[in-house]
Amino acid sequence: MNLKKSIIFLFFVLIIYSVNVNSANINLGSCGALASGNTYTLTGNVSSAGDCFTASGLNNILIDGNGYKITAVNRALIIGANSRNISLSNAIIDAPGGVSIIGGPYDGCFSAGTADGIVIMNNTFINGGIIVGYGGGASGVCNMLAKDNRVLNGGISIANYGFSNYRNNS
């Protein structure tokens, strides 16, 4: 019986290790590069003379604004083609370009180039908003959720194909 329990315990340890081996919890105090598989938490207000954060071709990123402000001359966050499971929550956004989700040419969800599994939730947009399909034309953005965002000066611009859900934004 002890051998069976030991094997089960070892199995769960290996599963936990394999899930977390390439991920990290990172505190952010400035704008900059992001990497796949990480959870980022702002530790203070951040600003940029251009775009603050870019996620293009990256996967599995969580950004928790932690109630702090992201100020940028262009965009607070730009999510580009071939990006999967990117989330931004609990931030105050002051950037004319807001959060831009571009994606690539639309050829069906889960196809090459699409941005998929994007969550923009519980943010306050002082300046800027949520822009989907930036640059004119439709882009491949699938399975996106924009929920409980407050847009004070800006809006939500949608020019995409795919499955998106926009709820309780004001």
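Of all residues in region 43-65, those that are surrounded by 20 or more Cβ atoms within 10 Å (Cβ to Cβ) and outside any strand (DSSP E or B) total 3. Which residues, taken from region 142-155, are part of a strand (DSSP E or B) and either crowded, with 17+ Cβ neighbours inside 10 Å or modelled with pLDDT under 75 (or both)? Selection gives C142, N143, M144, A146, V151.
Residues N59, N38: which one is at pLDDT 90 or above and polar (S, T, N, Q)? If you could, list the steps in order and put the result at the bottom.
Numbers: N59 fails: at pLDDT 90 or above.
Testing whether each residue is at pLDDT 90 or above and polar (S, T, N, Q) leaves just N38.
Looking for something assigned to a strand (DSSP E or B) and at pLDDT 90 or above - is there at least one such residue anywhere in region 71-84?
Start the filter on region 71-84 by keeping residues that are assigned to a strand (DSSP E or B), which leaves 71-72, 77-79, 84.
Right, trim to at pLDDT 90 or above and you get 71-72.
Within region 71-84, one or more residues are assigned to a strand (DSSP E or B) and at pLDDT 90 or above.
Applying a threshold of 8 Å to beta carbon distances and a minimum spacing of six or more residues, or different chains, the list of pairs starting in region 140-154 at a residue that is over 13 Å from N123 (Cα atoms) and ending at one that is hydroxyl-bearing (S, T, Y) and surrounded by 21 or more Cβ atoms within 10 Å (Cβ to Cβ) reads G140/T114; V141/T114; C142/T114. Residues that are at pLDDT below 90 and polar (S, T, N, Q) were ranked within region 41-56; the one that is nearest to D94 (Cα to Cα) is T54.
The values are calculated or read from the model by the stated rules, or taken from the named source; none is laboratory data. Just so it is clear, the model here is predicted, and its values are computed rather than measured. When we count neighbours, we look across all protein chains shown, and the Cβ atoms used for this are built from the backbone with ideal geometry, even at glycine.
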